[in-house]
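Enquirer: First, the structure itself, so that you have it in front of you.
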Amino acid sequence: MDDIADTLRLLQESLRRFVEKEITPKADPWEAQGFVPREVLREMGRLGFLGLRYAEEFGGGALDARATALLAEELGRSSFGGFAITVLVHTDMASPHLVNAGSPAQIRKYLPKIISGELISAVAVTEPDAGSDVKSIRTSARREGGEWVLRGSKMFITNGALADVYFVAAKTDSAAGSKGISMFIVEKGAPSFSVGRKLDKMGWRSSDTAELVFDDCRVPAENLLGEENRGFYAIMKNFQNERIAIAAMAMGEAARAIEITLDYVKTRKAFGAPLWDKQAIRQRLSMLSARVEAGRQLVRHAAAIDAEGRDCVKEVSMAKAYCAELLNDVVYDCLQFHGGFGYIKDSAIERMYRDARVQTIGGGATEVMLEEVAKRL
């Protein structure tokens with residue numbers, strides 16, 4: 001076995017043990033409180049799970065997209081989508097903006113604490129009128145002397161209330177469309193920056209999601225992240241990483257939903273025999289298992305292409321679209337096979353059913369993903 005395969009196998013075993021011991025049995029209260037406790041992220045940092053892709057000199061693991069896929073899949077197997085997305089936004093959706101575009105000084109300042117879990121990160125791109133259509137954001141940033149002044153709002157921001165550092169997209173040239181967007185580092189407590197509403201969601205309830213408000217928020221000039229007016233390209237680049245994570249997370253959730261359902265149908269009796277004795281149920285779960293394995297391999301294929309430094313937009317878009325839709329198919333049938341018990345609030349399948357719905361939306365709606373594929377056919 002080659003070194004990377006052996007490393008990934010050991011990582012997977014370690015992650016699975018951690019999730020089974022420290023997450024799945026303990027996460028129910030997090031759903032009620034609406035966030036993952038900070039000490040959980042700090043423990044994940046101590047174990048080396050929060051910097052798998054980053055340089056060893058900062059405490060990272062110096063791995064590649066294959067590690068992202070593995071991390072996301074194992075977090076998805078926790079059955080708590082809110083927990084999984086909290087971690088993945090920190091590791092693979094927000095902090096990559098710092099690593100990919102940050103100056104050496106910016107990286108030295110923030111990255112070690114992000115990897116350790118001491119700082120929680122968030123990325124703020126989405127707005128009330130601009131989701132997948134990034135070029136339509138309205139938040140603005142203007143230069144005044146040695147500061148940038150940000151004005152506008154962001155919506156649906158994961159880790160929005162609890163984050164310590166935010167990577168924020170804003171228009172620095174309102175007339176330039178996608179070519180007028182820049183990225184900024186905004187710390188919690190920055191003047192005239194506030195968390196607006198904490199959003200009450202259908203699913204992912206252990207994920208902190210909020211509105212952010214920038215009311216002439218002032219940040220130092222050196223908080224520009226990367227080149228001025230090049231933020232759109234940074235966002236597009238990181239979308240591939242984000243979509244690999246969401247697709248892999250979906251396959252972890254789907255695999256776990258099938259396992260939970262298998263346990264149920266093999267013990268639940270109807271008409272004098274276990275549900276597992278019903279041919280239609282056995283065959284449906286068998287086909288779903290085959291489709292999940294196909295989805296898992298598609299994600300890993302896309303991650304391997306990314307790891308080689310090749311263009312992976314088509315494969316990643318396929319994986320995101322296919323896996324998110326498949327997850328919803330899986331949890332729909334799994335809830336059906338649980339009958340009335342699957343509809344009881346706070347059962348695992350009921351929670352997973354609610355959590356799954358957003359994954360055809362977040363990180364790029366299925367329709368947007370299919371258009372990306374179509375462009376490349």
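The values are calculated or read from the model by the stated rules, or taken from the named source; none is laboratory data. Owing to the predicted nature of the structure, the values given are computational and were not obtained by experimental measurement. Positions of Cβ are backbone-derived with ideal geometry, glycine not excepted, and every protein chain shown enters the neighbour counts.
Enquirer: State yes or no: is A365 surrounded by 18 or more Cβ atoms within 10 Å (Cβ to Cβ), touching a residue at least 60 places away in the same chain (Cβ under 8 Å) and on the phi < 0 side of the Ramachandran plot?
Expert: Working: surrounded by 18 or more Cβ atoms within 10 Å (Cβ to Cβ): no; touching a residue at least 60 places away in the same chain (Cβ under 8 Å): yes; on the phi < 0 side of the Ramachandran plot: yes.
In short, no.
Enquirer: A further question follows. Does A321 fit the bill of being surrounded by fewer than 21 Cβ atoms within 10 Å (Cβ to Cβ) and at pLDDT 95 or above?
Expert: Working: surrounded by fewer than 21 Cβ atoms within 10 Å (Cβ to Cβ): no; at pLDDT 95 or above: yes.
The answer is no for A321.
Enquirer: Just to verify a result, which residue in segment 16-61, among those that are outside any helix (DSSP H, G or I) and aromatic (F, W, Y), is nearest to G76 (Cα to Cα)?
Expert: As a first pass, look at segment 16-61 and keep what is outside any helix (DSSP H, G or I): 24-27, 34-37, 47-55, 59-61.
Those still in the list that are aromatic (F, W, Y) too: 35, 49, 54.
Working: F35: 16, F49: 14, Y54: 22 Å.
So the residue we want is F49.
Enquirer: Separate question: Against the definition (in a loop (DSSP other than H, G, I, E, B), out of contact with any Cys (no Cβ under 9 Å at 6 or more places or on another chain) and either closer than 18 Å to D216 by Cα or acidic (D, E) (or both)), how does R138 come out, yes or no? Break it down stepwise before answering.
Expert: Details: in a loop (DSSP other than H, G, I, E, B): yes; out of contact with any Cys (no Cβ under 9 Å at 6 or more places or on another chain): yes; either closer than 18 Å to D216 by Cα or acidic (D, E) (or both): yes.
It is true that R138 is in a loop (DSSP other than H, G, I, E, B), out of contact with any Cys (no Cβ under 9 Å at 6 or more places or on another chain) and either closer than 18 Å to D216 by Cα or acidic (D, E) (or both).
Enquirer: Here is a further query. Can you tell me which residues in segment 1-31 are loosely packed, with under 15 Cβ neighbours inside 10 Å, touching a residue at least 40 places away in the same chain (Cβ under 8 Å) and under 30 Å from K198 (Cβ atoms)?
Expert: D28
Enquirer: I would also like to ask the following. For segment 262-282, enumerate the residues that are closer than 20 Å to G342 by Cα and among the polar types (S, T, N, Q).
Expert: Scanning segment 262-282 gives a single hit, T267.
Enquirer: Tell me the residue from E57, E39 that is closer than 23 Å to V19 by Cβ, out of contact with any Cys (no Cβ under 7 Å at 6 or more places or on another chain), of a type in the set (D, E) and free of Cβ contacts under 8 Å to residues at least 40 places away in the same chain, please. I'd like the intermediate steps shown before the answer.
Expert: On the way: E57 fails: closer than 23 Å to V19 by Cβ.
Within the list E57, E39, the selection yields E39.
Enquirer: State which residue pairs qualify: first residue at negative phi and inside segment 186-202, second residue outside any strand (DSSP E or B) and among the charged types (D, E, K, R) in any location, beta carbons under 6 Å apart, and separation of 6 or more residues or different chains.
Expert: K188/D164; M202/R354
Enquirer: Given the condition farther than 27 Å from L327 by Cα, outside the structural domain of M251 (by TED's automatic domain parsing), touching a helix residue (DSSP H, G or I) at 6+ places or on another chain (Cβ under 7 Å) and surrounded by 19 or more Cβ atoms within 10 Å (Cβ to Cβ), answer yes or no: does some residue in segment 76-89 qualify?
Expert: Taking segment 76-89 first, the residues farther than 27 Å from L327 by Cα are none.
No, segment 76-89 contains no residue that is farther than 27 Å from L327 by Cα, outside the structural domain of M251 (by TED's automatic domain parsing), touching a helix residue (DSSP H, G or I) at 6+ places or on another chain (Cβ under 7 Å) and surrounded by 19 or more Cβ atoms within 10 Å (Cβ to Cβ).
Enquirer: Here's another thing I want to ask about it. Can you tell me which residue among A255, A250, A302, A294 is outside the structural domain of T91 (by TED's automatic domain parsing), assigned to a helix (DSSP H, G or I) and touching a Lys or Arg at 6+ places or on another chain (Cβ under 8 Å)? Step through it out loud before you land on a result.
Expert: On the way: A250 fails: touching a Lys or Arg at 6+ places or on another chain (Cβ under 8 Å); A302 fails: touching a Lys or Arg at 6+ places or on another chain (Cβ under 8 Å); A294 fails: touching a Lys or Arg at 6+ places or on another chain (Cβ under 8 Å).
Within the list A255, A250, A302, A294, the selection yields A255.
Enquirer: Quick one: in segment 197-247, which of the residues that are part of a strand (DSSP E or B) and under 19 Å from the mean Cα position of the chain (by Cα) is modelled with the lowest pLDDT? Walk me through it before giving the result.
Expert: Going residue by residue through segment 197-247, those that are part of a strand (DSSP E or B) are 197-198, 209-220, 224-225.
Add one more test, that the residue is under 19 Å from the mean Cα position of the chain (by Cα), and what stays is 198, 209-212.
Working: K198: 93, T209: 96, A210: 97, E211: 97, L212: 97.
Residue satisfying both the conditions and the ranking: K198.
Results for (1) surrounded by fewer than 20 Cβ atoms within 10 Å (Cβ to Cβ); (2) touching a strand residue (DSSP E or B) at 6+ places or on another chain (Cβ under 7 Å); (3) not basic (K, R), shown as yes or no for each residue.
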| residue | (1), (2), (3) |
| --- | --- |
| V219 | no, yes, yes |
| F232 | no, yes, yes |
| M236 | yes, no, yes |
| R243 | no, no, no |
